[in-house]
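The values are calculated or read from the model by the stated rules, or taken from the named source; none is laboratory data. It should be emphasised that the depicted structure is a prediction, and the values quoted were computed from it without experimental measurement. Note that each Cβ is placed from the backbone with ideal geometry, even for glycine, and that neighbours are counted across all protein chains shown. Calculation scope for accessible area: heavy atoms of the full protein, side chains included, ligands and nucleic acids excluded. Shrake-Rupley method; radii C 1.70, N 1.55, O 1.52, S 1.80 Å.
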Amino acid sequence: MHTVEKIGGTSMSDYQAVRDNIILNSGGSPYGRMFVVSAYGGVTNSLLEHKKSGEPGIYTLFASAIEDDTWLKKTEELKLTLHGINAQLFTEEHSLAQANAFIDERLTSARACLRNLQRLCQHGHFSLASHLDTVREMLASIGEAHSAYNMTQLLQRDGINARFVDLTGWQSDAHISLDERIKLALQDIDVEKELPIVTGYAHCDSGLMSSFDRGYSEMTFSRLAVLSGASEAIIHKEFHLSSADPRLVGESNAVPIGRTNYDVADQLANLGMEAIHPKAGRGLREQKIPLRVKNTFEPEHAGTLITTDYVSDRPCVEIIAGAKGVHAVEVFDQDMTGSVHKYDTEILSVIKRFKAHIVSKDINANTVTHYLSTNLKTVKRICAVLAEKFPEAEINQQKVAVVSAIGSDLKIPGMLAETVRAIAAESISVLAIHQTMRQVDMQFVVAEDDYETTVKSLHQALVEVHQHGRAICLAS
């Protein structure tokens, strides 16, 4: 009855905390567990692009101009950064040299591949665009290989029988499915006697990033738990899954949720505040494997347990969450009346083409509005294509924020009215409201400047905290 556990990037950057608070804090033997590790904090941003700001990494710089060598400079900068991380972790000269040699081999091979591809695509018969998905996969794999290798060496140094499990398929000529790659890696592992340290990136024939993008490590984690028959899946983060962002509502007011279900986890993922990627959560959900989210830096706290069948004792709001920087793209056309579905189908195809994430949408007789989590450059491209498709339509876009009140059971008469009153009390104008029949969340679209005040007001009104530090459910 083993567990499969994932360690986030910020936690990985503090080896001592990981070793003492996670690996050795098991109440007995450190074995009987498998660990899937993320890249060190900020490394994947440098390899690809910054997840929030969009600042270009090696991949973006390489993809943007075929004759531009700025990506080479970024590669050298990253090499120095990774050597700096190694120097902080390894005090013995021999161990440091080994760690540097491992990551240098990966970076040198990747640089050679990109250089050769760049030269090849300067000829007219070869298109760089057709190879970019593979480039992105290759670069992403470097971060997790680096952290997993280092973690294995450090644990072995500290007397633990750790084993480096490299799922990246580096220099492998076998293109197999994700499940096959994991099964091959598990064949001769004895979890009762050794501690597998598994790369968060796994190479497979379908390409993890094409389906899950930056959520790829969670998919590896999920499939490893499902295929190995784990009793529990655990994610170690640098924070609790709390009733709201403590930085907004105050640390004394925000409390760990404690218990919730996969429906709530899906709503959080939709807002970009992932407990786990929805598609990764699906496997755990179907196999009825509980998911626990723990705070690396509070090891004695049980964290939040997410299960399939959990429903709160009485209807209540469990968490106030939201997303800033959302772009509302509105298409209005008088001729839309009676054929909204045709317009929406075409609009969706454009959004899908530019890979923009849809947070929510509104439809009425002559207007379709999509709320997109993406950058302004992508929004402008989407609007330009829509203007060509619908020359008679009015197309508007504005930056907004979406704030949600989420709970495993929100079937409370008057809940919506109570929520609106809380927002109105702060003189906040609500631009749109969404509530579905499933009644697990209520979404409020507000001006971006009103985001923080909206979160605070909803948390005060719907998630009160008593002296024992547990969320009080709103009485029905």
- request: Among residues belonging to segment 374-386 that are in a helix (DSSP H, G or I) and modelled with pLDDT under 95, point out the one that is most open to solvent (accessible area, probe 1.4 Å).
  value: K377
query: Do we find that T3 is more than 17 Å from the chain's Cα centre (by Cα), over 26 Å from T296 (Cα atoms) and of a type in the set (S, T, N, Q) in this structure?
result: no
statement: Those residues of segment 267-297 which are modelled with pLDDT under 90 and open to solvent by less than 50 Å² (accessible area, probe 1.4 Å) amount to Q267, L268, A269, N270, L271, A275, I276, H277, A280, G281
- request: Report yes if some residue within segment 123-132 is without any contact (Cβ under 8 Å) to a residue 40 or more places away in the chain, within 29 Å of E218 (Cβ to Cβ) and either open to solvent by less than 60 Å² (accessible area, probe 1.4 Å) or not in a helix (DSSP H, G or I) (or both); otherwise report no.
  value: no
field: Residue satisfying condition, being at pLDDT below 90 and over 22 Å from G8 (Cα atoms), within set S177, S172
entry: S172
Close pairs from segment 291-319: first without any contact (Cβ under 8 Å) to a residue 60 or more places away in the chain, partner of a type in the set (G, A, S) and assigned to a loop (DSSP other than H, G, I, E, B), Cβ under 7 Å, at least 6 apart: V293/A275; V293/G303; N295/G303; I306/A275
message: Quick check on E464: is it within 17 Å of A244 (Cα to Cα), touching a strand residue (DSSP E or B) at 6+ places or on another chain (Cβ under 6 Å) and either open to solvent by 60 Å² or more (accessible area, probe 1.4 Å) or at pLDDT below 90 (or both)?
response: yes
message: I'd like the residue in segment 398-438 that is polar (S, T, N, Q) and within 30 Å of the chain's Cα centre (by Cα) and, out of all such residues, is surrounded by the fewest Cβ atoms within 10 Å (Cβ to Cβ).
response: T436
Odd one out for V445 among (1) farther than 21 Å from N364 by Cα; (2) crowded, with 18+ Cβ neighbours inside 10 Å; (3) of a type in the set (V, I, T): (1)
Matching residues, segment 142-172, being open to solvent by less than 40 Å² (accessible area, probe 1.4 Å), out of contact with any strand residue (DSSP E or B) (no Cβ under 7 Å at 6 or more places or on another chain) and among the small types (G, A, S): G143, G169
